[in-house]
1. Considering amide H positions built from the backbone, and no H for Pro or chain starts, which residues 5 or more places from SER103, or on another chain, come under 5 Å of its amide H?
2. Want the number for GLU33 to ASN9: 0.36 nm per residue separation, take away the alpha-carbon distance, what's left?
3. Counting other C-beta atoms within 10 Å, which of HIS26, HIS48 has the fewest, and how do the rest follow?
4. Taking 7 Å along the Cα-to-C-beta vector as the label spot, tell me the PHE78-GLU47 distance in nanometres, rounded to one decimal.
5. Grab every C-alpha pair in segment 2-77, bin the distances at 5 angstrom width from 0 up to the longest one, and report whole percents.
6. Give me the percent of Cα-Cα pairs in segment 91-130 that sit more than 11 Å apart, rounded to a whole number.
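None of the figures in this text is laboratory data; all of them are computed from the coordinates on show. Please read these numbers as outputs of a predicted model, since none were measured by experiment. Virtual Cβ from ideal backbone geometry, glycine too; neighbours counted across all protein chains shown.
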Amino acid sequence: MVLRYKLLNADPNEKFRVSVDGLTVHISSQSSEQYQTFEHPMLGDAEHVVDIALLSDFQERRPGFKSRARVLLQSAVFEGTQLGGGVECRTCPKGYISNANRSGCERCPPGKTANAAQTTCDLCPPGHIK
């Protein structure tokens, strides 16, 4: 996932946050007239929840505070998705094979490991476990 954004007019207590599957992966409080780029690797074919939020006055809770902060999201690119091609081809992590439509990686089941080409899950040799 690659995001290009600007955070404008942010108060020191305001943050731009990106979370993936409930885990905060990026937080910024720097206002800028220039677009910023944030990259986060994601495994392709699994479902993920991406939450993009502007947290305003979350520490001081000042009565009557009105935020002037804005986030301008120029682009959000999700590489390797089924509906859009990736920018580059990548190998799957060790123990994974590419799925049938090559849009993501699948973990080999217990007792099997990926072959050298990472195209099939083969039985572990005798005396070995996975």
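1. The list, which skips near neighbours in sequence, is empty: none.
2. 7.7 nm
3. In increasing order of surrounding Cβ atoms, one gets HIS48, HIS26.
4. About 1.1 nm, to one decimal.
5. 3, 15, 25, 23, 16, 10, 6, 2, 1
6. Result for the distance tail: 57 percent.
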